[in-house]
Amino acid sequence: MAGSEAGGQLSSCRPVGRTRALAQAVAGVRDAADGRMGLLHLRGPRGIGKSAVVGRLGEAVREEADVLVTTCRGGEDFAAAKDLLGVVVPTGDEYSRRHALNDLVTRRTTDRPLVLVLEDAHRCDGATTRWLSALARRVPEPRVYVVLVYRCSERVAAETLFADLTGALDTTSIDLGPLDEPDVTELLRRECGLEPEPELVRAALESAAGLPAVTLAWAEKFRALGAPPDIAAESAAWHLAWLDDQPEPTRAYATAAAVVGSAEPASTAVLAGVSAATAASVRAELTALGAFTPRGRFRSEVLRERLLATVDQDALRAKAARLLSDEGRPQEEVAELVALLPELTEVWMFCALRGAAREGTLSPEVAISYLRLVLDAVPGHVETRLELAAQLRVVDPSAAMDTYAELLSEVTEPAVRASVAVHCGASALRAGREPEAFGLLAGYLAEGEPAATDPELRAQIEAVALVNGFGAARTVRRAMDLARTITPPQGRAEGGRRLVQQLARAEVLRGESLPTALAHVRSALPAPGGARDFWDVFTVTSLHFCGARTEAMTLADEIIAAADARGESQTQKIALAVRAALAFEAGELPAAERDARAALAIAGDDGDFAASAVLASALVRRGEVDQTEQLLNRMGRPRDPVEYGWAMDAKALWLWNRGEGDAAIEVLLRCGREFDAMGVHNPVLIPWWLHVVTVLVRMDRFTEAAEVAERGAEAARRWNTPVARGYALYSTGLTTDDAEALEQAVVEFGVAGAQLDESRALIALGVVLMRTGHDKAARKHLRAAIGIAVRCGASRFAIRTRELLNSAGGRMSAVHASPKDALTAAERRVAALAAAGLTNREIAEKLYVTIHTVESHLSNAYRKLGAQTRAELAAGLR
């Protein structure tokens with residue numbers, strides 16, 4: 001085109017942004033006005049807005065310089081110079097012609113500088129380039145600024161052509177890429193008439209990849225819709241149109257990248273049939289245009305799909321997959337292509353799919369789909385089926401169990417069968433299919449084959465068989481029979497430790513030998529500093545029922561902390577439910593409720609029944625009848641005899657609170673019958689028999705109560721933990737009015753830390769003393785029982801006991817819902833300051849009271865809150 005003023009011609013393109021680039025160019029023009037000729041290399045991919053920058057430059061310097069623009073096409077000598085200046089270059093030798101042009105430029109720049117813009121500068125004729133070099137070197141203080149505009153891909157050609165000029169002048173280079181955040185902000189402000197929020201600017205950048213024309217289209221749609229539009233199709237269309245205007249190597253490389261899925265591998269260049277240098281240049285340009293991410297991936301799947309629609313995908317994919325495989329690329333990349341082929345015909349294809357599934361970088365769903373493709377081509381392949389089952393364990397444990405069960409019946413290699421058996425049992429636990437798994441594993445063990453396997457692997461099989469057997473009522477007895485046939489393993493290998501955990505569990509359920517159970521549970525303890533996992537939860541419950549409640553709580557805390565650190569939410573959930581049960585058994589109802597609710601808040605079904613049962617047991621003792629009923633109605637299937645017992649206990653008390661004594665007794669007796677059927681005879685697991693005795697005594701059915709108490713007490717004495725001894729003494733005292741037995745029961749429950757049981761024993765003792773006319777002594781025990789019940793959070797229990805206290809001639813104005821409510825205003829103020837860390841003297845000075853008064857208030861606060869330290873005092877005030 002002929003030389004022209006750039007500003008007015010290009011303003012219709014609505015140039016935007018490029019503030020920094022424009023500022024650099026304007027500074028160069030102003031330096032030229034002072035006689036310092038300058039040179040600007042303005043580079044960028046086609047369509048990125050180079051001409052728009054030239055247009056904005058023309059507008060910016062309209063009043064202070066003349067801007068002349070031409071597009072270079074090569075051709076005759078001085079062709080570009082002639083087009084720029086709009087003159088006929090005189091004939092003669094090159095030297096005289098350059099001199100004539102210099103004179104012309106000198107005259108034109110007398111009043112204002114001249115900006116010479118050469119578009120497609122890499123095509124400039126040689127004579128013009130030499131003239132510009134001579135102009136820079138021979139004319140003193142030339143008031144000229146030269147702007148060379150060209151594509152990134154032509155950088156080498158342009159820089160070589162203008163090397164002399166670059167060496168003679170102060171040179172600036174600007175590489176234009178997509179619009180940046182300030183540019184897009186300016187565009188949206190101008191086009192939409194608003195001050196855009198950062199989120200809106202980022203949305204526009206993400207959608208339009210910073211391409212000026214596409215960003216303008218985005219802004220227009222946003223203005224029309226009032227919401228961020230989806231312009232993936234427009235962006236793809238822009239890139240396709242750009243590719244149509246490129247040479248064949250560029251189009252071939254973009255298509256190859258679409259097939260491979262990335263421009264990163266060297267195989268992409270091989271597939272496209274281009275050199276590494278060409279590939280690097282094209283990739284850089286496509287990245288600058290926003291078609292590729294910096295990692296060589298397509299930003300838009302729409303663009304990739306449209307490129308793929310233009311080629312024979314299957315042929316190219318097969319070739320690309322082999323190239324990637326030969327190059328040693330990650331199996332995931334190879335497998336992505338192989339999975340799209342209509343047919344798998346070669347061994348390396350199977351290896352790629354299996355290898356990708358094993359790498360662990362894929363989602364389980366994708367890995368499963370790859371393995372199933374292999375099995376479609378090679379049905380029955382054992383290794384692939386094992387790999388499939390391992391992936392299914394994560395997303396579909398029931399399907400994993402089915403796969404393992406099939407393999408267990410088909411595989412003949414003993415070591416492989418043993419491993420399959422372990423995984424089958426583990427999958428069944430997650431799938432809730434414990435009875436089926438127990439039947440399979442018990443049958444497998446009966447074959448005798450595991451006896452010849454590695455002792456550690458055999459212990460794992462026996463452990464997983466037992467844990468499945470204990471997971472359903474109909475298999476518990478068979479599991480305990482199986483446990484009797486197993487010899488406890490030696491050493492502390494993981495499989496052996498898990499087996500001993502289950503053997504301890506069997507002994508606890510049977511309730512026959514506390515020493516044997518303790519011996520097993522001690523050997524099952526994790527090593528100091530060792531890992532704590534899901535299996536250690538079984539040790540927690542066994543420790544608890546063997547009377548080691550403090551150790552049980554400590555281990556539960558460690559399991560929860562370890563699971564939280566490792567992100568094992570299901571282990572954390574189950575351990576929280578068990579810790580809630582331990583807190584409940586200790587009479588710490590608020591702590592039990594807190595842990596149970598925390599467990600229920602974690603996604604997943606494991607632990608839900610246990611947490612719900614414990615929560616119901618705690619709520620019913622607080623008198624929350626409606627909430628208890630809702631929980632009881634929502635419960636699913638218990639996965640452990642103890643869970644079943646907790647639920648029955650809560651239901652029976654709920655019925656009793658509703659005035660349905662006979663129904664409560666029937667629920668408890670049914671629990672006892674179920675336990676008998678399972679072979680569960682431990683009297684402390686769920687003391688259903690003791691609750692039956694209590695209800696019968698309250699209904700004045702003493703003969704029946706005595707019969708139940710006699711059987712239960714005998715079993716409790718055999719188990720011989722403090723709680724068991726307390727149960728035996730309590731049931732005897734309750735049915736015979738034996739005050740001495742009840743006093744001793746209070747002591748045993750106190751030793752065990754079973755606060756609610758201690759409170760119940762105190763009440764029974766108070767009732768016996770009232771019957772014998774010892775009301776004063778009765779009031780003392782009843783007050784103590786109320787205090788314990790309040791500390792435990794058993795408000796309904798405390799309220800009923802207050803009625804007994806009044807009957808004994810005692811007076812108590814109110815029973816508080818929580819221990820802190822029992823504090824007087826003065827006690828609360830003193831306790832709060834002590835919990836904040838102040839000394840007794842500092843508290844006395846702050847409140848203007850004596851130290852003796854502070855000590856008195858603190859003593860009352862400690863007693864009412866059941867606290868022994870200031871940390872416990874602070875916890876009780878929360």
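The values are calculated or read from the model by the stated rules, or taken from the named source; none is laboratory data. The structure presented is a predicted model; accordingly, all values stated were derived computationally and were not measured. Here the Cβ is made from the backbone with ideal geometry for all residues, glycine too, and neighbour counts use every protein chain on show. Just the protein is used for accessible areas: all its heavy atoms, side chains included, with ligands, DNA and RNA removed. Shrake-Rupley method; radii C 1.70, N 1.55, O 1.52, S 1.80 Å.
Residues of segment 73-95 that are assigned to a helix (DSSP H, G or I) and within 25 Å of GLY35 (Cβ to Cβ): ALA80, ALA81, LEU84, LEU85, TYR95. The residues listed here are SER569, SER523; of these, the one that is farther than 18 Å from ALA724 by Cα, at pLDDT below 95 and more than 33 Å from the chain's Cα centre (by Cα) is SER523.
So, in segment 308-322, of the ones that are hydrophobic (A, V, I, L, M, F, W, C) and open to solvent by less than 40 Å² (accessible area, probe 1.4 Å), which residue ends up nearest to ALA352 (Cα to Cα)? Here the answer is ALA321. Which is farther than 30 Å from ARG717 by Cβ and surrounded by fewer than 21 Cβ atoms within 10 Å (Cβ to Cβ), of ASP595, ASP564, ASP536? Exactly one of ASP595, ASP564, ASP536 is farther than 30 Å from ARG717 by Cβ and surrounded by fewer than 21 Cβ atoms within 10 Å (Cβ to Cβ), namely ASP564.
In segment 141-172, what count of residues is obtained for those that are in contact (Cβ under 8 Å) with a residue 40 or more places away in the chain and open to solvent by 60 Å² or more (accessible area, probe 1.4 Å)? Going through segment 141-172 one residue at a time, the tally reaches 4.
Given the structure, is PRO528 under 25 Å from GLY547 (Cα atoms), open to solvent by 50 Å² or more (accessible area, probe 1.4 Å), not in a helix (DSSP H, G or I) and not hydrophobic (A, V, I, L, M, F, W, C)? Criteria met by PRO528. Across segment 276-296, the number of residues qualifying as open to solvent by 20 Å² or more (accessible area, probe 1.4 Å) and either over 16 Å from LEU307 (Cα atoms) or of a type in the set (Asp, Glu) (or both) comes to 11. Pairs linking a residue in segment 624-649 that is open to solvent by less than 60 Å² (accessible area, probe 1.4 Å) and in a helix (DSSP H, G or I) to a residue that is at pLDDT 90 or above and of a type in the set (D, E, K, R), with Cβ atoms under 7 Å and 6 or more positions apart or on different chains, are LEU632/LYS651; TYR644/GLU674.
Among the numbered conditions (1) at pLDDT 90 or above; (2) hydrophobic (A, V, I, L, M, F, W, C); (3) not in a loop (DSSP other than H, G, I, E, B), the only one that ILE602 does not meet is (3). The set of residues in segment 18-72 that are part of a loop (DSSP other than H, G, I, E, B), under 21 Å from ALA121 (Cα atoms) and either touching a Gly at 6+ places or on another chain (Cβ under 6 Å) or basic (Lys, Arg) (or both) comprises ARG18, ARG46. The single condition among (1) at pLDDT 95 or above; (2) surrounded by fewer than 24 Cβ atoms within 10 Å (Cβ to Cβ) that LEU685 does not meet is (1). Taking interchain pairs and intrachain pairs at least six residues apart, which have beta carbon atoms under 9 angstrom, with the first residue in segment 729-743 and on the phi > 0 side of the Ramachandran plot and the second assigned to a helix (DSSP H, G or I) and among the basic types (Lys, Arg)? If the second residue must be assigned to a helix (DSSP H, G or I) and among the basic types (Lys, Arg), the pairs left are ASP737/ARG771.
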